[in-house]
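So the structure is just underneath, and the comments pick up after that.
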């Protein structure tokens, strides 16, 4: 997405750092946890597994151009039930995966030497 397109979507924000844009564009979990539709581009660096899960289940929509982004946003804005449905799916995915660190520790702890 070009900076001009991003500015059109967020006119109150006129300056962006490249690292900030990268972080904001690639973050998928926060909107899903809040029950919001997730829009992502085709690159899922450092988040391929979660991106594929959200996309496959319908909690995320992938856009490949500024035009596709605009069309997708218009479709979502015109369809509150669709937004709600996508948001519910995202919340369900997040809820189903809560506690993954605790489960991982349960698997690892038996292999650790006693303190």
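Some notes on this structure:
- Residue match in segment 62-70 (condition: under 14 Å from the mean Cα position of the chain (by Cα), closer than 19 Å to residue 27 by Cβ, surrounded by 17 or more Cβ atoms within 10 Å (Cβ to Cβ) and at pLDDT below 95): yes
- Selected residue [over 12 Å from residue 38 (Cα atoms) and without any contact (Cβ under 8 Å) to a residue 24 or more places away in the chain] from 55, 112: 112
- Counted as qualifying within segment 51-115 are the helices (runs of 4 or more DSSP H) with 3 or more residues that are in contact with a helix residue (DSSP H, G or I) (Cβ under 8 Å, 6 or more places away or on another chain), namely 66-78, 80-97.
The values are calculated or read from the model by the stated rules, or taken from the named source; none is laboratory data. Everything numeric in this text was worked out from a predicted model, so none of it was measured. Note: ideal-geometry Cβ built from the backbone for every residue, glycine included; neighbour counts use all protein chains shown.
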